[in-house]
Amino acid sequence: GAVVSQHPSRVICKSGTSVKIECRSLDFQATTMFWYRQFPKQSLMLMATSNEGSKATYEQGVEKDKFLINHASLTLSTLTVTSAHPEDSSFYICSARRNTEAFFGQGTRLTVV
Amino acid sequence: KNEVEQSPQNLTAQEGEFITINCSYSVGISALHWLQQHPGGGIVSLFMLSSGKKKHGRLIATINIQEKHSSLHITASHPRDSAVYICAVDNTDKLIFGTGTRLQVFP
């Protein structure tokens, strides 16, 4: 079946640094990918929709300069958390669709110290 | 009120029990997804359905479009079924997620 791979699975970084998270569709092309954030014991919240070859669409309240999204190819989208702060610590997960079926990455647990 | 409501929020069961998790939604949908999230965080898609019933192994998912309700059933539950089960609906190409049901199955 289709697989979405996300890397890294865990990252610890210092405040003020930037962190890049990669999301790859391994056996299908994804013109659109989705980035979610999940706080402990809460549901997934859509941050942005990544569109191949064009600008991402951000949800209300998500800072586009803080969370940079690049979707340079049909199989790769990246989320860069810039100038990370402790409050950015969270679980980030990407998703892609093949037809109507949704596939999820393994998630990235970001800890900013 | 959330657009997707799940119940119960937490569920404990003894191994072998029959389990039901419910999902109600208030928006128009094209499909409904049942997802499983393990403690490590990774999410696996269990079912996508737009009508009727689907079965995969010990898992059964049903949906009633008129009543805007879906159920996920687990027969002969096992400790390895312990996870968070999330209902998500397809609404205008976006997924809207329920808050999840945390299931613990004890041996």
* So which cysteines of the protein assembly as shown have no other cysteine's Cβ under 4.7 Å from theirs? -> A:Cys13
* **Which of A:Ser89, A:Ile12, A:Gln38, positive extreme of dipole for the protein assembly as shown (C-beta unit charges)** => A:Ile12
* List the lysines whose alpha-carbon lies under 22 Å from that of B:Lys54, not counting same-chain residues fewer than 8 positions away? -> B:Lys68
* Backbone HN-Hα couplings from phi across the stretch B:95-107 [Karplus 6.51/-1.76/1.60, Hz, Gly and Pro as x] -> 8, 10, 9, x, 7, x, 10, 8, 9, 10, 10, 9, x
* To do: Only Cα pairs under 8 Å and at least 6 apart count here; give the relative contact order of chain A as a rounded whole percent.
  => 37
* To do: Please compute the net charge surrounding B:Pro39, taking Lys and Arg as +1 and Asp and Glu as -1 over other residues with Cβ under 15 Å from its Cβ.
  => +4
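About the Cα centre of the protein assembly as shown, what is the dipole size in debye to 20, counting +1 per Lys and Arg Cβ and -1 per Asp and Glu Cβ, all else neutral? Walk me through the intermediate numbers first.
On the way: 21 positive and 17 negative charges, 47 e Å.
Result for the protein assembly as shown is approximately 220 debye, rounded to the nearest 20.
Could I get the Rg over Rh figure for chain A? Both from C-alpha atoms, Rh via Kirkwood, rounded to two places. It would help to have the intermediate numbers written out before the result.
Values: Rg = 13.2 Å, Rh = 13.9 Å.
Ratio of gyration radius to Kirkwood radius: 0.95.
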* To do: Over the Cα atoms of the protein assembly as shown, compute the convex hull volume and normalise it per residue, giving Å³.
  => 122
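Dividing the convex hull volume of the alpha carbon atoms of chain B by its residue count, what do you get in Å³ per residue?
In chain B, the Cα hull volume divided by residue count equals 92 Å³.
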* **Angstrom value of the Kirkwood radius, inverse mean 1/r, which spans all Cα pairs in the stretch B:27-84** => 12.3
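Each value in this text was obtained by applying a stated rule to the coordinates, not by laboratory testing. All values derive from a computational prediction rather than experimental measurement. For neighbour counting, all protein chains shown are included, and Cβ atoms are generated from backbone atoms with ideal geometry for every residue, glycine included.
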